[in-house]
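What follows is a short report on a single structure.
The values are calculated or read from the model by the stated rules, or taken from the named source; none is laboratory data. A quick note: this is a predicted structure, and the numbers were derived from the prediction, not measured. Note that we place each Cβ from the backbone using ideal geometry, even for glycine, and neighbour counts take in every protein chain shown. Quick note on the areas: whole protein, heavy atoms, side chains included, nothing else; ligands and nucleic acids left out. Shrake-Rupley method; radii C 1.70, N 1.55, O 1.52, S 1.80 Å.
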Amino acid sequence: MLVPMTLLRRFCDPPLSTDALAARMTMTGTKDERVFHHGVADPTGFVVGHVLDARPHPDADRLRVCTVDVGLDDPSTIVCGAPNVAAGQTVAVARPGAVMPDGRKLKAAKLRGIVSEGMILSELELSVGTGHDGIMVLEPAAGDPAAGDPAAGDPAAISRDGFPAGMPLAEAIELSTDVIEFEITPNRVDCLGVYGIAREVHASTGAPLAPPPWADDPGTGDGDTGGADVVVEAADLCRRFTVRAFDSITIGPSPAWLKARLVAAGMRPISNVVDITNYVMLLTGQPLHAFDLDRVAGRRLVVRRALDGERIDTLDGETRTLDAEIVVICDGDGPTSIAGIMGGARSEVEPQTTRVLLEAATWDGANIQRSSVRLGLRSEASGRFEKGLEPEVAEDGLAYATRLLAELCGARILPGTIDIGGPGPAPAVIRLRPDRIDRLLGKPIGATRATEILTALGFGVTHVPGELDSGVPDDAGELDVTVPYFRRADVTREVDLIEEVARIDGVDLLPATLPPRNGAAGRLTHAQRARRRAQDVLVGRGLHEVVGWSFTDAGLADRLRLPDHHPMRRAVRIANPLSEAQSLMRTNLLGSLLDIARHNVARGATDLALFESGTVYRVHNDRELADA
C-alpha cells in the first residue's frame, strides 16, 4: 500500500524523518517495502502566476505568447503551447532554474524567435495529476475539512483572485511528498487505510492522533433515499449493504489537493465523485461505488448470485461472463456491478450526472477472492474485501464520503439511509493477566504500560482489581480489554493481546529466554551440531552457501536423467501451484543448486563453489515425508 507522507502527517505527525519512521514501523510489524519521493525534488522556482495576456505567436500557429505576473517587478514572457491558456487564469509556473520531476533543469529558451522566461505547467508535468491536454488552472477550491487543510473554511487563506502571484506553488498545492510503500499482512486489513496506519504510528511513537475524519455524519437515517430501494437476496455473502442518495451534484475535475494525493498513492484521478470514493477508500480502507441514480433501472438494486452465463460490461471496457458463485448488484435491466470487484458501465457516473446513489457494503472475503481469481480481475476494492472488512467500516466510509460530496460537489444530501445487515456483533471482551504478559515475554511489562499500548491502538481497557490474601483490593489486578471492530477478526485471544503489547513495546528489546519447561536445555541436537560443523567446514574451504526454492518443475527428473522408477521421481504435487515451473516439491537439492549455478553463469559469474543444506520432500509408502 502506498502512503503519501503529506497525508499521513495530517493525522499523526511524529518528529521523525520518513526513513526513521519507516524503520520504526517495520519493527512493529508494518513492514516498509520501499521509500521514495514523488513530485518535484526541490520546490524552489515553482510559483503561482497570473496570466495577464495571451496572444498568438507571430511565427507559430499552435503557440501563444503569454504575459505572466509571477510576483516580480516586471511580468515574465512565457511561450505556451497549451490550447486552454487564456488571460485571467491563475496558473502554475516553473521559472528558469527550477528542476522538473524528471530531473530536467529548466532554462530560458528561445521559441521561434521569442525568449520564454519559464514554463506554464500541466498536472502531468508536475506529477500532481494526469491531465496533459492543457495547463493546470488553479482554483480557490475547498480544502479537505476532515483532514485539517488550512484553506478549509478560512477565507483569509485565499486571496480575492485565488492565490497571489509569486506565491510559492508548494503553498498552493501539494507539490511533492515522500511515499512509503507498506507490506500489509492479510490479518491487518485495518492498515489498508491511511488512518489505520496513522493509528499504528500513534501507538509506536506516542505522537498525537487526530480524530477520525468520519466522526461527524451529516447524513440522516430517516427518509425515502431519493425513492431508491434495495433487496439483498444473497445475505450469506453480503454482511451489510448501505446506500445514500444525493442530488444537485456538479460533476467536474477534483481540486488540486485531492488529485495530488490520489496520484501520490498510485491512483488515477477521474472526476470529483469517483475521486471521492477512491480517496475515502484510501483513508478508511472501505471501497465505495457511485451509481447514477437516474440510470438505475427501476431505482431498485438487488444483490443476488449471478446466473450461469450471465454477462456484464465492466468499467474497464471488458465484457465478462459470470457464474452462480459470483455475486452481482442488479437493477431492473440486469447486472450493473460485480459485487466487491468492479462496477458496470451501464450505471456509471458521467459528466451529465446530477443524482448519485452511493453504496458502501461488506462482502464475504473468501467469495470475493474466488470470484476475482475466476474472472482474472483484481481491483483496489477486491484486494481489501478479500481480506475481510468489518461491517462498521462501511458506515465510516459512507459518513466521510457524504461530507466530501457536499463540500466538493455541491451535493444535496437526500434524507434517509438504507442499511441492510447493520453493524457487526457486539465487541468481544478478553481478560488479560499482566503476570501472563511477563511470563510469555520474559520481561516485566506491567499493567500500566500494557494499558497505554492497547489504548493507543484503539482497544478499550478496564482495570479489574484482584484481592490479596488479606482480602484487600490489589491494584495490580487483571485487565478487561474490549476489542475494537477494526481488529475483531485478528484479536480473539489473550495471547493476541500480548502480541500487540510486545510488538509496540519493542520485540527487539525482549531478552533471549528459554521456554519455561522441565528439562529445557540450551544446546543443539547431535544432528544439528553435525550439520553446522559440515557447513563450517565447507565455508572454510571457500564454498558459498545458497538457499534455493523448495518448489521445482516436473521436467527436473528428466534433466537429471533419473531412471523411470527412481525414488526421486515420486514427488509431491502442489494443489495450487504459482506456476508450472513450481508445481512439485523438490525431492533433491541438486536441481536448485544447478538452477542457481545457471543463474550465476548467465550473468558472467563462472567461478562457482556452492553448497546447500535444506529440506527435500519425498513420498514413502504413500505418505509424504520431509527429509532433512
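Please go through region 426-453 and pick out each residue that is in a loop (DSSP other than H, G, I, E, B) and either closer than 19 Å to residue 506 by Cβ or in contact (Cβ under 8 Å) with a residue 24 or more places away in the chain (or both).
Of region 426-453, the ones in a loop (DSSP other than H, G, I, E, B) are 426-428, 433, 442-446.
Listed by number, the residues that qualify are 427, 428, 433, 442, 443, 444, 445, 446.
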Picking from 81, 131, which residue would you name as being without any contact (Cβ under 8 Å) to a residue 40 or more places away in the chain and either farther than 17 Å from residue 39 by Cα or open to solvent by less than 50 Å² (accessible area, probe 1.4 Å) (or both)?
-> 81
For region 1-83, which fully contained strands (runs of 3 or more DSSP E) count at least 3 residues that are closer than 25 Å to residue 163 by Cα?
-> 46-57, 60-69, 76-80
Note: among 534, 530, just one is over 16 Å from residue 29 (Cα atoms) and either in contact (Cβ under 8 Å) with a residue 60 or more places away in the chain or touching a helix residue (DSSP H, G or I) at 6+ places or on another chain (Cβ under 6 Å) (or both), namely 534
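Given the criterion buried (at least 18 other Cβ atoms within 10 Å of the Cβ) and acidic (Asp, Glu), identify the matching residue among 32, 19, 53, 42.
Details: 19 fails: buried (at least 18 other Cβ atoms within 10 Å of the Cβ); 53 fails: buried (at least 18 other Cβ atoms within 10 Å of the Cβ); 42 fails: buried (at least 18 other Cβ atoms within 10 Å of the Cβ).
The unique qualifying residue is 32.
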So which pairs qualify, if the first residue must be in region 237-251 and on the phi > 0 side of the Ramachandran plot, the second must be open to solvent by 10 Å² or more (accessible area, probe 1.4 Å) and small (Gly, Ala, Ser), the Cβ gap must be under 8 Å, and the two must be at least 6 apart or on different chains?
-> 248/410; 248/411
Helices (runs of 4 or more DSSP H) enclosed by region 319-414 - at least 1 residues per element that are under 26 Å from residue 307 (Cβ atoms), open to solvent by 50 Å² or more (accessible area, probe 1.4 Å) and of a type in the set (S, T, N, Q) | 365-375
Conditions (1) under 26 Å from residue 533 (Cβ atoms); (2) at pLDDT 90 or above; number of the one not met by residue 600 | (1)
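Residues of region 220-248 being among the β-branched types (Val, Ile, Thr) and over 28 Å from the mean Cα position of the chain (by Cα), which ones? Please lay out each step first, then the result.
The initial filter retains those residues of region 220-248 that are among the β-branched types (Val, Ile, Thr), namely 220, 225, 230-232, 242-243.
If the condition is that a residue be among the β-branched types (Val, Ile, Thr) and over 28 Å from the mean Cα position of the chain (by Cα), then 220, 225, 230, 231, 232 are the ones that fit.
If the requirement is being open to solvent by 20 Å² or more (accessible area, probe 1.4 Å), under 29 Å from residue 102 (Cβ atoms), assigned to a loop (DSSP other than H, G, I, E, B) and of a type outside the set (A, V, I, L, M), which of these qualifies: 174, 181? Even if it seems obvious, please write down each step before you answer.
Details: 181 fails: assigned to a loop (DSSP other than H, G, I, E, B).
From the options 174, 181, the qualifying one is 174.
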Please determine, by comparing only the residues of region 229-252 that are of a type in the set (A, V, I, L, M, F, W, C) and more than 16 Å from residue 361 (Cα to Cα), which one is most open to solvent (accessible area, probe 1.4 Å).
-> 251
Of the numbered conditions (1) under 30 Å from residue 196 (Cα atoms); (2) not in a loop (DSSP other than H, G, I, E, B), residue 266 satisfies every one except a single condition; which is it?
-> (2)
Within region 84-105, how many residues are in contact (Cβ under 8 Å) with a residue 60 or more places away in the chain and among the β-branched types (Val, Ile, Thr)?
-> 2
State whether the residues of region 444-451 include one that is closer than 13 Å to residue 482 by Cβ, surrounded by 14 or more Cβ atoms within 10 Å (Cβ to Cβ) and in contact with a strand residue (DSSP E or B) (Cβ under 9 Å, 6 or more places away or on another chain).
-> yes
List the pairs whose first member sits in region 561-581 and is within 18 Å of residue 616 (Cα to Cα) and part of a loop (DSSP other than H, G, I, E, B), whose second member is open to solvent by less than 90 Å² (accessible area, probe 1.4 Å) and among the β-branched types (Val, Ile, Thr), and whose Cβ atoms are under 6 Å apart, counting only residues at least 6 apart or on separate chains?
-> 570/619; 571/587
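Would you pick out the residues in region 529-556 that are closer than 22 Å to residue 600 by Cβ and touching a strand residue (DSSP E or B) at 6+ places or on another chain (Cβ under 9 Å)?
So in region 529-556, the residues closer than 22 Å to residue 600 by Cβ come out as 535, 538-553, 555-556.
Of everything in region 529-556, those that are closer than 22 Å to residue 600 by Cβ and touching a strand residue (DSSP E or B) at 6+ places or on another chain (Cβ under 9 Å) turn out to be 535, 538, 539, 543, 544, 545, 546, 550, 551, 552, 553, 556.
Only residues that are among the charged types (D, E, K, R), over 26 Å from residue 481 (Cα atoms) and within 27 Å of the chain's Cα centre (by Cα): list them for region 392-437, please.
So in region 392-437, the residues among the charged types (D, E, K, R) come out as 392, 395-396, 403, 407, 412, 419, 431, 433, 435-436.
Add one more test, that the residue is over 26 Å from residue 481 (Cα atoms), and what stays is 403, 407, 412, 419.
Listed by number, the residues that qualify are 403, 407, 419.
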